[in-house]
1. Is it the case, given these coordinates, that A:Ile176 is within 14 Å of chain B (Cβ to nearest Cβ), among the β-branched types (Val, Ile, Thr) and either assigned to a loop (DSSP other than H, G, I, E, B) or surrounded by 16 or more Cβ atoms within 10 Å (Cβ to Cβ) (or both)?
2. Please go through region A:479-491 and pick out each residue that is surrounded by fewer than 19 Cβ atoms within 10 Å (Cβ to Cβ), of a type outside the set (Lys, Arg) and either under 19 Å from A:Ser564 (Cβ atoms) or more than 14 Å from chain B (Cβ to nearest Cβ) (or both).
3. Restricting to region A:181-191, give me the number of residues that are in contact (Cβ under 8 Å) with a residue 60 or more places away in the chain and surrounded by 14 or more Cβ atoms within 10 Å (Cβ to Cβ).
4. Could you tell me whether A:Leu371 is over 28 Å from A:Ile471 (Cβ atoms) and touching a residue at least 40 places away in the same chain (Cβ under 8 Å)?
5. Limited to region A:144-170, what total is found for residues that are among the basic types (Lys, Arg) and within 22 Å of A:Gln126 (Cα to Cα)?
6. Can you tell me which of (1) on the phi > 0 side of the Ramachandran plot; (2) within 14 Å of chain A (Cβ to nearest Cβ) is the one B:Gly159 doesn't meet?
7. Of all residues in region A:97-132, which are away from chain B (no Cβ under 14 Å), within 25 Å of A:Leu183 (Cα to Cα) and touching a strand residue (DSSP E or B) at 6+ places or on another chain (Cβ under 6 Å)?
Amino acid sequence: MKLLLLFLFYFYLNTSLFAFENLHLKFKIAELNVSQQDFKNIKLECKNLQYTTQLINCSNGYLHISSDLIDKPIIKLSFSYHLKTQQLKFNIEQLAIADGKINIQVKSINNNWQTKLNIHNIELTQLLNIIKKFIDLPSDFTMAGRSNLTINLNTKLQQGNKVKIQGLIRLNKGEIYIDPIYLNINKQPLNMAIDLSLQPKKLNIHNLHLTQKNILDLQTNAYFKLEDKFAIERLSIKLKPTYIKKLYDNYIQAMLEEDSIFNQLKLQGMIKAQLNWQSNKRHALIKLYNINVEDQKKRFGINKLHGKLQWHSNSQGYASHLHWSNAYIASSIKLGRSQLRASLIKNKIKLLAPFYQPIFDGAIKIQQFHLNNIGMENMNGQLRGEIKPISLSKISTALDIPKLNGNISGKIPWLNYRNQAINIGGRLKMRIFDGEIIAHHLSINNLLNNIPELKANIKINKLNLKTLTNITEFGEIQGQLSGYVRKLHLIDWQPVSFDAHFANPLDDAIRHRISQKAIQNLSNLSGNLAVNIFSNSILKVFENFYYKRLGWGCRLRKGICHMSGVGATKKGYYIVQGGRLPRLDVIGYNKSVDWNQLLNRIKSISNTSLH
Amino acid sequence: MIFYIRYISLLSLGLLISCVTINVYFPAAAAEQAADQIINKVWNDKTTNSSNNYNDINLEISSPTSTALQRKMTARHKKLKKYYNNGAIGITNNAFIMLRSPMKVALKKRNHVNQLVKAENKDRLQLYAEIALINGHPEWVENIRTIFASRWIQRASQGWRYQDNQGTWQRK
């Protein structure tokens, strides 16, 4: 600390009163430098100083300081010192700092200091900027908002340079933002009771109790080493049973991204948590009691979620176990009672027992799942599971779409995650629309990255076109549909390229009929389709037509879909090749179409059909 | 003798070929046009001179990844625009954005804006690299970023804040 002192100290005696009373004290320091901060023109003045053999008392003084750190240079103060008891009292009133006001009361006797700070309407960003001028804080540590604070501290100097501090800090009002935590303290004050000992190389927090009535009750004790390197020797944090809704509304919601699906939750139930940290082991535990979660947009919900989630840095035997009575996804897809047993050790998560989630009359079963090196560059894992047959009739009823027959089922022989890529081994098979869809050579790259990339081959076997078209408003088509989507490549879930072709299988056992509406929609699909029929009036007369074969292919490259059908005509290709009289052909003449235009046409047909 | 002449001729040709250096210069003008085209899309700016014929751009900017990034940035800009307008966010001189005046963002929204800024900068970084990559010159990434740095600022709306070459914040 650099101290430049131009010293002027004088007092004079007012002879009209008793000796040593009504002294006029003036004390001036030209410049003071503390932690490279300049305080200039410091003047302490006390007009009615009392000085007796027992007491020095200044009841009406002021201090003048010129500095950027304070808003007003004049500070009102009073002080007294009892010579016999060595008791010092010191008051500062209305210190204008960080756009707010601070009152300070200090009382000291026998190495015991009692400090009361009353901070009113202070701007935390400005306060932090001032603190940062004296203390090194991490660059990303920010505070903002206005707050009222009261601080009561009792500080005792003990042997061995030990300082014992006890007290209460109360945040009465205001908003605080410490990236990424946002606190709005308007309804209930936030109290922090502290009891700690500070020594040159260690900090022992005997108790730090953070409470916000009916919202939060958090108790901490810790022992930190403050040598060359900061180290946590012991840390224990306990969150007493808390209403999860209060915790979410006051602390968690503002930390979530606005677009996050977890940003608008309705919650009920209680939560309790604990963290024990020692130099050689760490253990975190969260207990959930009868929790109900519901997304306000009804995208998902879960009822009576109960159990414990725990993580240990190195030991086995700390299993997590969650169970719930029911849940739902997509508004109306109901999921039954289920449970989950897993272990979270270090940076690994492993399913301890097969996970079985009933859905309607079927289920999703995960036989095996583990993920290693979570959060690290080389995160990897594996999953094996299956979808037990779920009736499409149940799904269609729930989704309020025309009734479907058949079921949906599938199998994931193995799914590997490595180098930010998912590879699915074997065949992902789904039984749907009385036929099956098989995906193979499926891989997803950059799944957790910004732009995910999917590659797959898909095979379609004998889907019932009637079932398929009945769930859309496209118009009914009867027959079966087989085909493939080869070399499917999606970037950010948008198609980049593929080779696709769908047509009736050669051994199609179902009779071929197509409705008038389906023909019209097929004609609208490509701007350049034509319907060949004896007479347009016949098209209007008949509701359904027999057809010999139908099919359509698209080879997508650079945003252009190169189309094909089920046979060539002189200038085009058959989309629908007619059979018996009245013979009807739908012929495509345009061999290339912009993919986005095609999608827009499909969307427009869907919209028109729905109306 | 003929054998030697042929041998020498071939050798000379070989030496000639081995000495040829093909310099591919960074097409700065095309990059400016390409940047403008992307900025128009991301900022939904229809005020640009319609005489610009983007079909003539001698720099490829279209790839599925680039399109996906532009789509994300366009959607994000709708959320960011009011913070450009009130001066909370400024355009930096290295082609990114920054929350330069956090006080202008309501405290409750501070996290949200911080996350938007972070995501935007991540996408911009990837976009500059992607354009360089699809043109077969990954080493152009810095040139492309420099071009974008000037174009984002040039195309900024009235009242938006930007950093000049000295790093001082200015108002358009």
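The values are calculated or read from the model by the stated rules, or taken from the named source; none is laboratory data. Just so it is clear, the model here is predicted, and its values are computed rather than measured. Cβ placement follows ideal geometry from the backbone for every residue including glycine, while neighbour counts extend to all protein chains displayed.
1. When the stated conditions are applied, A:Ile176 passes them.
2. A:Tyr484
3. 3
4. Criteria met by A:Leu371.
5. 2
6. Just one mismatch for B:Gly159, condition (2).
7. Matches in region A:97-132: A:Ile97, A:Gly100, A:Lys101, A:Ile102, A:Asn103, A:Lys116, A:Leu117, A:Asn118, A:Ile119, A:His120, A:Asn121, A:Ile122.
Let's see how each residue does on (1) closer than 24 Å to B:Asn111 by Cα; (2) out of contact with any Leu (no Cβ under 8 Å at 6 or more places or on another chain); (3) within 14 Å of chain B (Cβ to nearest Cβ); (4) free of Cβ contacts under 8 Å to residues at least 12 places away in the same chain:
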{"residue": "A:Leu196", "(1), (2), (3), (4)": "no, no, no, no"}
{"residue": "A:Lys202", "(1), (2), (3), (4)": "no, no, no, no"}
{"residue": "A:Leu267", "(1), (2), (3), (4)": "yes, yes, no, no"}
{"residue": "A:Gln274", "(1), (2), (3), (4)": "no, no, no, no"}
{"residue": "A:Trp277", "(1), (2), (3), (4)": "no, no, no, no"}
{"residue": "A:Leu285", "(1), (2), (3), (4)": "no, no, no, no"}
{"residue": "A:Ile291", "(1), (2), (3), (4)": "no, no, no, no"}
{"residue": "A:Glu294", "(1), (2), (3), (4)": "yes, no, no, no"}
